[in-house]
Every structure is written in C-alpha cells, then in structure tokens.
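Chemist: Sharing a structure with you now.
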Amino acid sequence: METVKPTNSQSVIQATRKKKKLSSDHLMALVFLLPSFILIVIFVYGFIGWTGYVSLSNWNSLIPDFSFAGLKNYLYLFTDFRFQADLRNTLFFTILFIGLVILLGLSLAILLDQKIKGESIFRNLFFFPMALSFVVTGVVWQWLLNPSTGVNLFLKTFGIHPKWYTDTTILAGFKWGQIEFGLPVAMIAVGIAAVWQMTGFSLAMYIAGLRGIPDETREAARMDGATEFQIYWKIILPQLRPITVSVIIIMAHISLKIFDLIYSMTGPGANFVTDVPGVYMFETTFRGNYYANGAAIAIIMLLSVAIFMVPYLISSRKGEA
Amino acid sequence: MKKKLILSFLVVFSLILSACSSNSSSTGGKEESKGKLDIFSWWTGAGEEDGLKALIALFEEKYPDIPIENAAVAGGAGTNAKAVLASRMQGNDPPATFQVHGGSELNDSWVAADKMENLNELYKEEGWNDKFPKELIDLVSKDGNIYSVPVNIHRSNVLWYNKKIFDENGLKAPTTFTEFFYVADALKAKGITPLALGDKEPWTATHLFETILLGVLGPEDYKKIWTGDIALDDVKVMEAAEVFKKMLTYVNEDHSSRNWQDASQLVGNGEAAMNVMGDWAKGYFVNDLKLVVNEDFGYIPTPETAGDFMVITDTFGLPKGLKNGDDVKKFLGVLGSVEGQDAFNPLKGSIPARIDSDVSKYDQYGKDTIEDFKTANLTPSLAHGSAAPEGFVTKVNQAVNIFVTQGDVKQFIGSLKSAGSELK
C-alpha cells in the first residue's frame with residue numbers, strides 16, 4: 001500500500017479523502033494487531049530478554065540467585081566436554097541433514113516432474129512423513145535402527161551389523177579441545193530419520209518451483225538444441241535458487257533447534273555422540289537445576305539460528321522495498 | 001470439495017478442543033484446590049498408582065469431609081514432576097504435599113530454601129521417633145529438625161540374576177568382586193552376556209557405580225564422600241572406578257540403546273545372567289515378565305554390600321505458606337501410620353519405612369528386605385538424589401556417560417572432583 005503522491009489540486013482532495021479512509025482502516029488494523037503485538041512483545045521478546053538476563057546470573061540451583069555473573073556460564077559451556085560435543089554433533093547433523101534433504105528432494109522432484117502416471121500418489125507418499133511428529137519418527141526409527149532388532153535382523157543375513165546410533169566411533173577424528181572432532185557415526189542414524197521425515201517438504205517446494213518455470217522456456221531451449229541434461233543444469237536449476245535458499249533456511253532452523261527427534265530416539269547417547277544443545281539445555285535446566293547454564297545454551301542456540309535468519313530477513317526486506 | 005473442507009476443519013477443531021479439555025482438567029483442578037489437598041507425586045505407573053489410590057482411599061475413609069485430589073504428574077522417573085514442582089514452589093503456589101526423596105533432594109533444596117515447615121511436633125504427637133530407624137530420620141532431617149515423613153523404602157544395591165543360567169552352569173551368585181569376575185568369566189566363556197546394562201538414560205550406569213563405591217569403601221567411608229570428609233580423588237574412589245571399568249567389559253554391546261526395563265528383560269529371558277538395579281525391578285520381573293521369585297530369578301546384595309542397605313525413600317513434607325496445613329498434617333499422619341504404610345507398600349512393591357508394620361502382607365522378597373532393613377547400615381543413594389544435590393548428580397551422570405565409553409579413570413576422577421565443588 002504505497003501512499004499516493006498528489007500531482008494536482010483535484011488529486012490532492014482525492015488523496016486526503018483517501019488518506020482519511022486509509023487512516024481509519026489503519027486504526028482498525030492497529031486495534032486488531034495490538035493484542036497479538038503486545039503478547040508477542042511480552043511473551044516472545046520479553047522472555048528472550050529475560051533468558052539473556054538469567055544467562056548472565058548465578059542462578060544455578062533451585063534457589064534463584066540473580067547476582068551478576070558476567071560471561072561465566074558461557075565460558076563454562078565452551079570448555080565443557082558435553083557442550084563441545086553438542087556443537088560438533090549439531091554441525092555435522094546440519095550439514096548431513098540439509099545436504100541430503102536438498103539432494104533427495106530435488107532428485108525426486110525432477111523425477112516426478114517427468115509427467116509420469118500416478119504422480120500425485122507418489123507426491124503424497126513422499127509427503128506423508130511430514131505429517132508425523134518428530135517424536136513418533138524418533139520412536140519408530142529407534143526401533144528400526146536398534147542394533148539387536150530392527151533392520152539389523154535383515155542385514156544380518158548379509159553378514160553386516162552396523163551399530164547405528166549406539167556406535168561411538170568418530171570418523172576422521174582428531175583431538176580438539178576436550179573432544180574428538182570428526183563425524184560421529186551415530187549421528188548418521190539420526191540423520192536418516194530426520195531426512196526421511198523432511199524430504200517430502202523440500203520435494204513439495206521443488207515441485208512448486210518446477211511448475212513455476214514456464215514450458216516455453218524449455219521448448220525454446222529444446223529448439224536451440226539443448227540436451228535434457230543441459231536444460232536442467234543450465235536453465236532450470238539456476239531458476240530454482242530461491243527455492244533452495246528457502247529450503248536451507250527452514251531446514252537450518254529445524255536442525256539447529258532439534259530436540260524431540262533426538263530425545264525420543266537416542267537421548268544424549270553414549271559419550272554424548274548424539275547429544276545436541278536442545279537436549280543438554282533441557283537436562284541441565286530441569287534435571288540439574290542449572291538455570292543460568294541452561295539459559296546460556298538457549299541464547300547460544302538463538303544466536304546460531306540468527307546467523308541463518310538475519311541475512312535472509314535483511315535480503316527479503318530489500319527485495320520488498 | 002467444500003464439504004470436505006468443512007469436515008476437515010471440524011476434525012481439527014474437535015482435536016484442538018479435546019487437547020484443551022485434557023489440559024484444563026489437569027490445570028483447572030489447581031484453581032479450586034485451595035481448600036483441597038492436592039497430593040503431588042510422579043506415581044502414575046502400574047503398581048505405584050494403585051498404592052497411592054489405596055492411600056487416598058484410606059484417608060477419605062478417615063476424613064470424609066476433607067477433599068483430596070491425586071495431582072500426580074506422569075513421566076520419566078519424576079523428571080517432569082520435579083520441573084512442575086520447581087515452578088510451583090518458586091511461584092509460591094506449593095501443592096499441599098509432594099513426593100520427594102529423603103536426603104539431599106529434600107534437605108539441600110526445599111529445606112535449604114526455607115520452603116518447608118519442620119515436623120518435629122507431628123513426630124512427637126504420633127510417637128514416630130522410635131518407629132522409624134534413626135538413620136532414616138536423619139535422612140529427612142536438617143540441623144536436628146525433621147522435615148518429611150517417609151512412606152516407603154526401596155533398596156538400590158540389589159543384584160538380580162537368572163536362576164536357570166546359574167543352576168545350569170553350576171555357579172553361585174557372587175558376593176564379592178572376585179567372585180563376580182570369576183562368575184562373569186565363566187559365563188562369558190559360555191557365550192552368555194554376564195551383566196545386563198541399559199544406560200540410554202545414564203543414571204543406570206551411575207546406579208551401578210554407586211553400588212561399587214559402597215562395596216569398595218564400605219558404608220562409613222561411602223557416607224564420608226558426601227560430607228566431604230573423603231575426597232573424590234581418594235585412592236579408594238579410584239579403586240572403585242577401576243572395578244567399574246572392569247565390570248563394563250562384561251556388559252551387553254547394545255547397552256546405550258536400552259533403558260533399565262530392557263536390561264532387566266535380558267536377564268528375565270536368559271540372554272544375560274545378572275543385572276544391578278533397585279528393587280523396583282522385582283515388580284517388573286513379577287508383574288510384566290510374569291516370572292517367579294526364587295525360581296526364575298534370584299536376588300542378592302551387590303558384591304561386598306551384604307550388611308548395607310542403599311536406601312531410596314519417598315517422603316512427603318509440609319510446604320510453608322499453606323492455608324490448610326492442619327489438613328496436610330492429617331494426611332501425613334495417615335501416611336506415616338502402620339495402616340497407611342501397609343496399604344501403600346504391598347501394591348507399590350516397596351517395603352514400609354516403619355519397623356513395626358505387618359510383615360505378613362508382603363511377598364518373600366519383601367519379607368527378606370524388611371528383615372535386612374532392620375539390621376543393615378543405611379546409606380543414601382547417589383543416583384537417586386539422596387546423597388548429593390541434583391546439580392552434582394547431573395554432572396556425575398555426564399562424567400559416567402563419558403567414562404562408560406572412554407574408560408579413562410584419570411579423566412573420570414578429574415571430572416568427579418571438579419563436580420565436587422557442588423558438595424558443600
């Protein structure tokens with residue numbers, strides 16, 4: 001709703017009339033927005049501020065203690081074995097998860113885009129896992145990937161029995177701080193479950209993107225003698241870039257904040273190979289009563305998501321203006 | 001199409017409604033409960049819920065005009081309940097009375113925060129001072145004042161074993177660590193997993209470790225760790241860590257994917273020979289796996305803890321700032337009576353905290369344990385929050401979780417020591 005720039009007297013009158021009408025609309029809108037605005041300011045931003053405040057305090061027992069602790073809680077976390085392991089796990093989980101979700105989603109979308117029969121059935125099939133809650137996914141995959149039952153009963157006939165999420169090996173590990181830095185094998189099992197659930201989402205996004213590319217573009221490319229591969233690689237994929245950006249943003253905030261899937265599937269895991277900041281935050285706050293430490297973890301999680309979200313929000317605002 | 005849309009909206013709407021109504025029934029009760037006794041616990045499991053209901057029924061029979069409500073919060077060995085309790089206590093909206101383990105979980109938190117009334121008078125009126133063992137009363141007291149009433153006793157240092165496996169292999173349940181490793185080697189040679197562990201939740205490994213600590217140090221020194229008189233990097237603690245490390249080489253490979261029930265199940269169905277768990281495992285063996293005591297499975301104190309009783313006691317106290325404190329005391333009176341304890345414990349599968357209860361109401365395991373309880377040295381459990389503050393326990397659980405995989409005794413002792421700053 002751009003404001004109208006008056007050019008002559010007549011339009012000035014029109015504009016003021018319009019403005020009056022607008023401002024009463026405006027007022028109504030404000031009135032309706034106000035309650036949710038106030039609630040969000042208090043219960044979202046207010047409590048983010050409160051969490052930040054707690055994270056700088058000494059409140060690490062059942063008895064509240066708001067004396068100022070500076071960055072003590074943060075410093076503690078970054079020297080803590082468990083938190084270092086969490087950062088490592090989150091990093092590899094995020095890479096694995098986003099990479100596979102994009103790759104699988106895109107490949108499936110391209111396959112479904114070949115105008116095959118029963119396309120909607122396939123699309124729905126792939127999309128359905130999205131409807132489950134992460135807790136359900138976690139429990140199901142916990143059973144499926146249990147080393148002594150699940151798919152291992154089948155794999156046993158081929159003489160292999162992976163330990164899945166109970167595996168404590170760190171691939172390509174080297175000593176870093178307190179922990180061994182490398183790809184935790186157990187995280188792959190968790191990644192499989194998460195990818196299984198979220199691939200349908202990126203599939204749907206990509207299909208929508210593919211549908212948005214006019215057939216004429218392809219026709220024109222074909223007329224110019226481009227092969228199918230060239231059409232996808234040089235014409236279609238570049239046009240899907242905004243979709244990929246959206247998928248990355250959405251998946252990143254899921255993976256950085258993941259809690260329910262891991263909590264129901266593996267818990268922190270032996271040697272914390274499947275622990276993530278969300279699980280640590282929950283346990284240290286509500287089991288250990290380290291409220292300030294828990295708040296510090298929450299703030300670190302918020303900042304890590306902000307690294308992805310803020311540039312996105314800024315660029316999308318620029319696009320609007 | 002439109003019909004479908006409306007229908008789906010209706011479905012969603014009714015789902016939301018049902019979600020709300022189930023919510024409001026649990027929170028709505030709180031509004032009207034100012035005069036009501038809301039009994040706060042995490043007893044929602046099979047036997048324990050029945051026990052609690054029997055207790056409440058007994059109270060209603062005695063005091064029909066006092067409204068009482070079961071305000072149990074389900075889930076995770078009390079984790080959820082404790083979180084809810086913490087927010088209610090901090091918000092000055094305490095329940096009438098709540099379940100809390102005797103020892104540190106009571107004394108270093110709510111008593112230290114000055115949120116509990118002392119119950120010295122009630123104990124005097126009811127004549128309880130010589131009806132509970134002195135060591136147990138000490139566990140619910142701070143600076144000479146008593147703060148809660150124990151309702152039951154669980155023993156945590158119990159070794160459960162599959163009787164058939166032991167009989168078939170001509171083995172005897174081990175009473176010392178040497179015997180334990182002898183038996184374990186013999187079983188391993190036969191291809192049987194000697195020790196079942198399910199440490200998906202790390203407290204089970206801590207539980208195993210505390211029984212080893214008790215075995216190696218003995219009751220007196222074990223207690224001294226928690227008062228700070230014996231350092232956490234003492235030679236004996238290190239020795240216990242070495243025993244722990246060696247024991248871990250005999251556990252099932254998939255231990256980190258199992259919880260304690262799954263581990264007990266391994267023993268129950270003969271895939272593993274032994275398991276260290278508190279005596280709530282008996283309820284699981286008997287009620288869930290339909291096994292027979294002393295026929296399918298046997299029990300013995302964990303190695304070198306024969307005269308010791310690692311005690312876990314659920315207790316109830318009186319929070320400060322309640323209007324109906326006298327009613328709460330009446331409930332505590334029922335809770336602490338022989339009648340109340342004998343109504344609750346046979347169903348819950350624990351033994352009474354009083355020494356003068358009716359033994360005939362308990363099964364063979366209960367009878368044996370009641371006998372042991374009278375004479376044994378009582379020691380507080382670390383894994384279950386009686387020995388040390390929860391902050392310390394959380395850190396020990398983390399150290400144990402790392403130790404189970406890495407087996408680095410020096411590092412383990414180091415983390416224990418740095419966690420020890422929580423012990424004041």
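Chemist: Would you give the gap between the C-alpha center of the stretch A:249-264 and the C-alpha center of the stretch B:326-356, rounded to a whole Å?
Modeler: 45 Å
Chemist: Further question on the same structure: Counting protein heavy atoms only and a 1.4 angstrom probe, how many square angstrom of accessible surface do chains A and B bury in total, to the nearest 100?
Modeler: The A and B chains share an interface burying roughly 2400 Å².
Chemist: Here is a follow-up. Taking every DSSP beta bridge that has both residues in chain B, what percent is antiparallel when rounded to the nearest 5?
Modeler: Given both bridge residues lie in chain B, the antiparallel proportion sits at roughly 60 percent.
Chemist: Given H placed 1.01 Å from N in the peptide plane, which residues other than close sequence neighbours of residue B:153 have an amide H under 5 Å from its amide H?
Modeler: Under 5 Å from the amide H of residue B:153 lie the amide H atoms of B:351, B:353, each far enough along the sequence or on another chain.
Chemist: Heavy-atom accessible area per residue, the protein assembly as shown, 1.4 Å probe: how many Å²?
Modeler: Roughly 48 Å² per residue, with all protein chains present.
Chemist: A further question on this structure: Enumerate the aspartates and glutamates that residue B:200 could reach by cross-link, defined here as Cα to Cα under 15 Å, with residues fewer than 8 away along the same chain left out.
Modeler: In chain and number order, the partners are A:167, A:275, A:283, B:253, B:254, B:262.
Chemist: Related question: Could you please report the charge total around residue A:81, scoring K, R as +1 and D, E as -1 over all other residues with beta-carbon less than 15 angstrom from its beta-carbon?
Modeler: 0
Chemist: For chain B, what does the helix formula give at 222 nm: sum of -39500 (n - 2.57) over DSSP H segments with n ≥ 4, over the residue count, nearest 500 deg cm²/dmol?
Modeler: -15500 deg cm²/dmol
Chemist: List for the stretch A:277-308: residues with 40 Å² or greater reduction in accessible area, all protein chains versus chain alone, probe 1.4 Å?
Modeler: A:286, A:287, A:290
Chemist: Right, next: With charges set only on the Cβ (+1 for Lys and Arg, -1 for Asp and Glu), what does the dipole of chain A come to about its Cα centre, in debye to the nearest 20?
Modeler: 820 debye
Chemist: Another question about this same structure. In a GNM of chain B with a 10 Å cut-off on Cα contacts, which of B:227, B:369, B:97 has the highest mean-square fluctuation?
Modeler: Per the Cα network of chain B with a 10 Å cutoff, B:227 tops the list.
Chemist: Take every Cα pair under 8 Å in chain A that's 6+ residues apart, average their separations, divide by the length, and report that relative contact order as a whole percent.
Modeler: Value for chain A: 26 percent.
Chemist: Could you sort the residues of the stretch B:78-99 by number and keep only those whose accessible area is reduced by 50 Å² or more in the all-protein-chain setting relative to the chain alone, 1.4 Å probe?
Modeler: By number: B:79, B:90.
Chemist: Over chain B, what relative contact order in percent results from Cα pairs under 8 Å that are six or more residues apart?
Modeler: 25 percent
Chemist: Run down the aspartates and glutamates and flag those whose C-alpha is under 16 Å from the C-alpha of residue B:410, throwing out any fewer than 8 positions away in its chain.
Modeler: Straight-line reach from residue B:410, under 16 Å: B:233, B:234, B:239, B:242.
Chemist: To continue, here is another question. Can you give me the % of accessible surface on the stretch A:72-320 that is carbon or sulfur? Probe 1.4 Å, all protein chains present, nothing else counted.
Modeler: Exposed carbon and sulfur together represent 72 percent of the surface.
Chemist: Right, here's the next one. Need one word for chain A: rounded, prolate or oblate. Basis is the Cα gyration tensor (sqrt eigenvalues a ≥ b ≥ c); a/c below 1.5 gives rounded, then a/b vs b/c decides.
Modeler: Note, shape of chain A comes out oblate.
Chemist: By the gyration tensor of its Cα atoms, with a ≥ b ≥ c the square roots of the eigenvalues, what is the shape of the stretch B:214-329: rounded for a/c under 1.5, prolate for a/b over b/c, or oblate?
Modeler: Since a/c reaches 1.5 but b/c is at least a/b, the shape of the stretch B:214-329 is classed as oblate.
Chemist: Using alpha carbon centroids, what distance separates the stretch A:28-102 and the stretch B:277-322, in Å?
Modeler: 39 Å
Chemist: What's the local net charge at residue B:122, with K and R +1, D and E -1, over the other residues with C-beta under 14 Å away?
Modeler: Within the 14 Å Cβ shell, the charges total -2.
Chemist: How many angstrom lie between the Cα centre of the stretch B:198-262 and the Cα centre of the stretch B:33-103?
Modeler: Using only Cα atoms to place each centre, the spacing works out to 32 Å.
Chemist: What residues of the stretch B:220-259 lose no less than 20 Å² of accessible area with every protein chain in place versus their chain by itself (probe 1.4 Å, heavy atoms only)?
Modeler: Output list: B:253, B:254, B:256, B:257.
Chemist: Which of rounded, prolate or oblate describes the stretch B:52-144 when judged by the alpha-carbon gyration tensor and an a/c cut-off of 1.5?
Modeler: oblate
Chemist: Would you mind counting up the charge near residue A:152? Only other residues with Cβ under 13 Å from its Cβ, with Lys and Arg at +1 and Asp and Glu at -1.
Modeler: Combined, the nearby Lys, Arg, Asp and Glu give -1.
The values are calculated or read from the model by the stated rules, or taken from the named source; none is laboratory data. Given the structure is predicted, the values throughout are model-derived calculations rather than measurements. Backbone-built Cβ (ideal geometry, glycine too); neighbour counts: all protein chains shown. Only protein heavy atoms, including side chains, enter the accessible area calculation; ligands, DNA and RNA are left aside. Shrake-Rupley method; radii C 1.70, N 1.55, O 1.52, S 1.80 Å.
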